[in-house]
1. Taking the mean number of other Cβ atoms within 10 Å as a proxy for protection, how do you rank 42-53, 22-33 from highest to lowest?
2. May I ask for the Rg/Rh ratio of the chain, computed from Cα atoms with Rh as the Kirkwood radius, given to two decimals?
3. Multiplying the sequence separation of Glu110 and Asp57 by 0.36 nm and subtracting their Cα-Cα distance, what value in nm do you get?
4. Kindly provide the helix-only [θ] at 222 nm of the chain, computed as the sum of -39,500 (n - 2.57) over DSSP H runs of four or more divided by all residues, to the nearest 500 deg cm²/dmol?
5. For the chain, what is the accessible area per residue in Å² when the probe is 1.4 Å?
6. With springs only between Cα atoms under 10 Å, which of Pro78, Pro101, Pro65 fluctuates most in a Gaussian network model of the chain?
7. What is the magnitude of the charge dipole of segment 1-79 about its Cα centre, with +1 placed on the Cβ of each Lys and Arg, -1 on the Cβ of each Asp and Glu, and no other charges, expressed in debye to the nearest 20?
Amino acid sequence: MKIKLDENFGTRTRRLFEAAGHDVQTVSDEFLNGVEDRRLYEFCRAEQRCLITLDLDFSDVTRFPPQDTGGIVVIRVPRNPSRALLERLIGQFLGLITKTPVARHLWILEVGRVRIHQSDLDE
């Protein structure tokens, strides 16, 4: 899967995805730190990369419709999450994507739960 990690993820997270065989780019590697959310969405959409972010703004499907994307995954964590918690959530996500497609969907991943937004196209 083609993934773009938002600026709130570091090298360790990138390695987890790469170790699972995914094609990973990061906002930092592409010098997109601080770019407006809309521009980041458009980059991901054009590249058909799944955006993985902690930014809750991307959970607004009216502003960032997932149906034309490689997917949007918003990871919800408590303020200042531990590295272990983030790695556990990434592991949970990696296990789920072997069974359920992410492309064209919004996933909201939390401790112990995943919500997948169903668009009108899915009905």
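The values are calculated or read from the model by the stated rules, or taken from the named source; none is laboratory data. These figures come from a predicted structure and were not determined experimentally. Please note: Cβ atoms are built from the backbone with ideal geometry, for glycine as well, and neighbour counts cover all protein chains shown. Ligands, DNA and RNA are stripped out before the accessible areas are found, and what is left, the full protein with its side chains, is counted by its heavy atoms. Shrake-Rupley method; radii C 1.70, N 1.55, O 1.52, S 1.80 Å.
1. In decreasing order of mean packing, 42-53, 22-33 become 42-53, 22-33.
2. Checking Rg against Rh, the ratio lands at 0.92.
3. 17.5 nm
4. So the calculated ellipticity at 222 nm is -8500 deg cm²/dmol.
5. Values: 6800 Å² over 123 residues.
Dividing the accessible area of the chain by its residue count gives 55 Å².
6. Pro78
7. Details: 12 positive and 14 negative charges, 55 e Å.
Computed charge dipole of segment 1-79: roughly 260 debye.
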